[in-house]
Amino acid sequence: VDSDGDGYGSAATSVSSCDAPAGYVSDGTDCDDGDADVWPGATEVCNGVDDDCDGSLDAGESDDTDADGLYDCDDGDIDGDGLRNAWDADAYDASVARGPTGGLGGDGAYTAGGSETWGEWTLLAGAGAAGSGTIAVDDGSIFAEGDEVLVLSQQGSDAGTYAFVFVGGVSGDDLSVEPPLPASFSAASVVLVARVPHFTDLSVPAGATVSADAWAGSGGGLVVARASGSLSVDGTISADGLGFRGGDGVAGCCSSYPTSGESYGGAGSYSASANGGGGGSYTITADGGECGGGGGYGTAGDDGTNYAGTALGNAGSTYGSAALPTWFLGSGGGAGSPDNESDGQDSDNLTGAGGAGGGLVLLFAGSSLSVSGSITARGEDGEDADASGDGEVGG
């Protein structure tokens with residue numbers, strides 16, 4: 001019998017006849033003869049019903065993974081991790097709350113040319129609380145729904161802390177983010193919020209150079225990109241000298257003093273001691289030719305030495321970890337030290353500034369990453385005090 005008139009009948013009620021009686025059909029494979037929208041070959045829709053009689057509800061996606069009362073095929077966040085399925089690297093595993101490693105490819109294929117500076121970033125405005133789905137930034141105009149952003153504390157008590165989130169929406173300078181922030185960011189810290197480009201394929205050919213804005217006391221120093229396919233670097237990606245600033249040198253004695261290099265904790269000060277990773281700068285010597293200490297990061301810097309080889313300006317210390325649970329810029333070197341003018345030649349008393357530390361390069365590829373060119377993030381040499389090489393050199 002075909003009770004619902006959809007052309008398919010129920011094998012539970014049948015007759016034997018040379019001619020089909022009215023209301024009967026020869027096919028008895030209807031799995032619900034009381035619903036005319038349910039029959040073998042019907043379109044499967046998200047309704048908790050086996051519309052096409054293949055034995056699988058909603059094309060096999062009827063489980064309610066996060067117990068929110070929605071069938072998975074109608075659930076924008078199946079695993080309930082706070083990140084919508086379209087952006088989630090694993091929409092069924094709540095422990096994976098991030099996009100795919102190679103990104104989503106929304107920026108298309110890209111080939112760099114000439115000398116390019118990448119820098120779509122702003123700063124966090126105020127604090128960012130762990131678990132919050134909204135952040136305020138200084139300039140929301142550079143973001144759009146679907147953008148991935150890197151939130152990175154560059155300087156302050158929580159320096160090195162970072163998170164990747166997606167922009168769920170933009171309202172002025174307020175961004176809704178997915179998933180919610182996994183860590184807290186202090187309002188007193190300098191926190192970078194940078195757009196992460198998602199290419200399909202990225203090529204930096206021979207002769208092309210990609211760099212970024214230098215750290216200038218608040219933001220910058222970062223090159224970041226994802227490619228869902230291949231990422232090749234036959235040219236140059238450089239973050240050389242884009243990190244924390246070197247200490248300031250001086251001209252003459254003794255109204256001002258040289259400073260140590262800048263680091264993750266803040267700007268340098270008048271001190272021979274290292275400023276965390278920033279190299280130290282000795283105060284005043286008796287024309288000893290005292291150089292500033294070198295900045296550190298994965299390894300310590302070198303001590304600054306004088307003409308006699310004595311180390312006075314302390315080297316910047318090691319910080320960070322090879323496992324990269326936190327991400328930092330490199331620290332600056334200390335400035336050279338002035339002498340005490342016992343020789344009376346104040347006009348020659350010049351000291352060089354310390355060199356800036358290296359920046360940060362973050363590259364992710366989905367299928368292949370090849371480098372025949374160079375990717376560098378080196379610290380700079382300190383300055384000579386003047387063209388003749390006289391005076392004390394920065395670290």
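Here the simple spin-label model places points 7 Å from the Cα toward Cβ, and for ALA206 and THR299 these points are separated by 3.1 nm. Recomputing Rg and Dmax of the Cα atoms in Å from the coordinates shown identifies the correct label among (i) 23.8, 77; (ii) 21.7, 76; (iii) 31.6, 127 as (iii). Taking the charge dipole of the chain about its Cα centre, with +1 at Lys and Arg Cβ atoms and -1 at Asp and Glu Cβ atoms, the residue from VAL15, ALA225, VAL38 reaching farthest to the positive side is ALA225.
Taking only protein heavy atoms and a 1.4 Å probe, the accessible area of the chain is 47% carbon and sulfur. With R₀ set to 35 Å, the beta-carbon distance separating GLU116 from TYR92 gives a calculated FRET efficiency near 0.35. The Cα atoms of the range 129-250 give a gyration tensor whose axes a ≥ b ≥ c have a/c of 1.5 or more with a/b no greater than b/c, which makes the shape oblate. Shown for the chain: cysteine residues without a partner Cβ closer than 4.7 Å, namely CYS18, CYS291.
Checking the a/c ratio against 1.5 first, then a/b against b/c, what shape does the Cα gyration tensor give for the range 64-139? It comes out oblate by the Cα gyration axes.
Given H placed 1.01 Å from N in the peptide plane, which residues other than close sequence neighbours of GLU290 have an amide H under 5 Å from its amide H? Those lying under 5 Å, H to H, from GLU290 are SER337. Neighbours of TRP118, meaning other residues whose beta-carbon lies under 14 angstrom from its beta-carbon, give a summed charge of -2 when Lys and Arg score +1 and Asp and Glu score -1. Rounded to whole numbers, the Karplus 3J(HN,Hα) couplings from phi for the range 143-156 are 10, 9, 3, x, 5, 8, 10, 9, 9, 9, 6, 8, 8, x Hz, using 6.51 cos²θ - 1.76 cosθ + 1.60 with θ = phi - 60°, and x at Gly and Pro.
Based on the mean of other beta carbon atoms within 10 Å per residue, what is the order of 266-272, 4-10, most packed first? Don't jump to the answer; show the numbers that get you there.
On the way: 266-272: 19.4, 4-10: 17.9.
So the peptides 266-272, 4-10, ranked by packing, come out 266-272, 4-10.
Per residue, the chain exposes an accessible area of 43 Å² to a 1.4 Å probe, with every protein chain left in place.
Local charge for GLY133 was computed over the other residues whose Cβ lies under 15 Å away, with Lys and Arg +1 and Asp and Glu -1, and equals -4.
Taking amide H positions as modeled 1.01 Å from N, with prolines and chain starts lacking one, the residues under 5 Å from LEU123 and 5 or more places away or on another chain are ASP138, ASP139, VAL193.
If r is the Cβ-Cβ distance from ALA183 to ASN85 and R0 is 22 Å, what FRET efficiency results, to the nearest 0.05? Efficiency, from the Cβ-Cβ distance: 0.40. The local environment of GLY243, defined by Cβ-Cβ distances under 11 Å, has a net charge of -1 under the rule Lys, Arg +1 and Asp, Glu -1.
Distance between the modelled labels on GLU341 and ALA129, one decimal in nanometres: 5.6 nm (7 Å Cα→Cβ projection). Placing +1 on the Cβ of every Lys and Arg and -1 on the Cβ of every Asp and Glu, with nothing else charged, gives the chain a dipole about its Cα centre of roughly 2400 debye.
Annotation: amide H of ALA89 within the under-5 Å range of ARG98, GLY99, sequence separation 5 or more or interchain, hydrogens built in the peptide plane.
Between THR310 and ALA251, what's the calculated FRET efficiency when r is the beta-carbon distance and R0 is 22 Å? Round to 0.05.
Efficiency, from the Cβ-Cβ distance: 0.35.
The values are calculated or read from the model by the stated rules, or taken from the named source; none is laboratory data. Because the structure is predicted, anything quoted here is derived from the model rather than measured. Positions of Cβ are backbone-derived with ideal geometry, glycine not excepted, and every protein chain shown enters the neighbour counts. To get the accessible areas, we keep the full protein, side chains included, count just its heavy atoms, and leave off ligands, DNA and RNA. Shrake-Rupley method; radii C 1.70, N 1.55, O 1.52, S 1.80 Å.
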